[in-house]
1. Among the residues of the range 198-243 satisfying the criterion of being more than 25 Å from Val355 (Cα to Cα) and aromatic (Phe, Trp, Tyr), which is surrounded by the fewest Cβ atoms within 10 Å (Cβ to Cβ)?
2. List the residue pairs whose Cβ atoms are under 6 Å apart, where the first residue sits in the range 64-79 and is touching a residue at least 60 places away in the same chain (Cβ under 8 Å) and farther than 17 Å from Leu43 by Cβ, the second is of a type in the set (Gly, Ala, Ser) and part of a helix (DSSP H, G or I), and the two are 6 or more positions apart or on different chains.
3. Which residue is surrounded by the fewest Cβ atoms within 10 Å (Cβ to Cβ), if the candidates are limited to the range 100-133 and must be farther than 28 Å from Gln233 by Cβ and among the aromatic types (Phe, Trp, Tyr)?
4. Kindly check whether there is at least one residue in the range 257-268 that is part of a loop (DSSP other than H, G, I, E, B), over 30 Å from Leu174 (Cβ atoms), out of contact with any strand residue (DSSP E or B) (no Cβ under 7 Å at 6 or more places or on another chain) and β-branched (Val, Ile, Thr).
5. Do we find a residue being of a type outside the set (A, V, I, L, M), under 15 Å from the mean Cα position of the chain (by Cα), over 18 Å from Val296 (Cα atoms) and buried (at least 24 other Cβ atoms within 10 Å of the Cβ) anywhere in the range 341-353?
6. Taking the conditions exactly as written (small (Gly, Ala, Ser) and surrounded by fewer than 18 Cβ atoms within 10 Å (Cβ to Cβ)), does Ala153 satisfy them or not?
7. Going residue by residue through the range 186-194, is there one that turns out to be part of a loop (DSSP other than H, G, I, E, B), touching a Phe, Trp or Tyr at 6+ places or on another chain (Cβ under 6 Å) and surrounded by fewer than 20 Cβ atoms within 10 Å (Cβ to Cβ)?
8. Just to be sure, is Leu314 modelled with pLDDT under 95 and aliphatic (A, V, I, L, M)?
Amino acid sequence: MIRRRAAQPVNRPPAAPVIRGPQRERHEPDYVLLLSVVALAALGLLMVYSSTGVYALIHDDPFSVVGPQAVWGIAGAVLMILIMRTDYRYLRLASVPAFLVCLALLGLIVILPEKGFVHAIIAGGSARWLQFGPLPAMHPAEFAKLALVVYLAHWLTRRGTRVGSFTDGMLPFLAILGVVLALVMLEPDLGTTGVIALTGLTMFYVAGARLYQLAALIPAGIAAVAVAVSMNQYQLDRVRAFLDPWADPLGDGHQTIQGLLALGMGGVTGIGLGESRRPGALPLPQAENDFVFALVGQELGFIGAVVLIGLYLLFIYRGIRVALNAPDTFGALLATGITCWLGIQAFINIAVVVVLLPITGITLPFVSAGGSSLLVSFAAVGILLSISRETLPRGTFNDADPDRRRWYRRSRLSGAGRRSVTSRAGA
């Protein structure tokens, strides 16, 4: 009897997995970036308490100023964690309605009276806050910064290679940015206008705009600032105080002079925490807000000021790395906008204190007292951390995508010219 040999199973190689588009690797967020933000916020709470605690103690409540700041900080930290654990791409769905709501809030400041259930609050010659009944006052321009960055990242991503075009790129971009700038200028708030303009132009350039397009906007921008300043007396006074603060040392130049004296008094190591508020010490206007950097220099000295600036530089560096590592163009532009916005605002505030710029009235992110600013800044960092949780494989020393191009109307960060993982594997 002939026995048939059983058929042997054929060893076939496993089928190759089908890769559809770029494959992202989700991991832990950028803890260095998170550490820099937490350190800035902690230093801010310390300086706010140091500048207001003694004065508030006279009124039987030493935590009347720093207490609400701590509450806003906790709320912002919780919001940051929630946003960090959420896919940042969902922001594209909310970008348009959020932008329209912020435009409406900016418009309300211009048209609302100073009294009523919903009214504008005018301080220092500028209407910047909205009060809704018993709720805490809000600063719509702070929310508008984040809404504009998210919307521009969405819009520029959809525009793609047409960003470099004059009719399809530059003109619509100027219309979007111009509406926000006009509403903020009507408050008027020249400092916030500058932050928004520089942030928007940076995103426009990174998205693929040409240098000659940006160069053509410089004369128009200078002319617009000159006209805006000439139409507001208090802004003219600020410019005069910047040019020669000693001409009116007890009036318009008082705050500038006191800030310089505070920085000089601090020396290398500072006079010590809380010592700026002791009897007979140098009084510093807006020490917990616009001029908190002068307070840092006075109480913590040159070393404290360098540490503060170093934390901002670390934040900017890590933010740029997040943008370079972003898995898509939307994430890259979003990270670029947030990093530029907070970094530009920080160094404008510091430049005002050291008299490199006229007084603008903008806060130092994470450090100055202000609930709206702190909450929105934490939310923005949450978006950055969400982007940092996803990366694509890189091959260059600076983690930039290897197929970036500079002069072909493509994004100058990752995204617009990227090939998919499938095409790379078959190359």
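The values are calculated or read from the model by the stated rules, or taken from the named source; none is laboratory data. The structure presented is a predicted model; accordingly, all values stated were derived computationally and were not measured. Cβ: placed from backbone, ideal geometry, glycine included. Neighbour counts: every protein chain shown.
1. Tyr212
2. Leu79/Ala379
3. So, considering only residues that are farther than 28 Å from Gln233 by Cβ and among the aromatic types (Phe, Trp, Tyr), the one surrounded by the fewest Cβ atoms within 10 Å (Cβ to Cβ) is Phe117.
4. Yes, there is a match, as at least one residue in the range 257-268 is part of a loop (DSSP other than H, G, I, E, B), over 30 Å from Leu174 (Cβ atoms), out of contact with any strand residue (DSSP E or B) (no Cβ under 7 Å at 6 or more places or on another chain) and β-branched (Val, Ile, Thr).
5. Yes, the range 341-353 has at least one match.
6. Here the answer is no, as Ala153 does not meet what is asked.
7. Checking the range 186-194: not a single residue is part of a loop (DSSP other than H, G, I, E, B), touching a Phe, Trp or Tyr at 6+ places or on another chain (Cβ under 6 Å) and surrounded by fewer than 20 Cβ atoms within 10 Å (Cβ to Cβ).
8. No.
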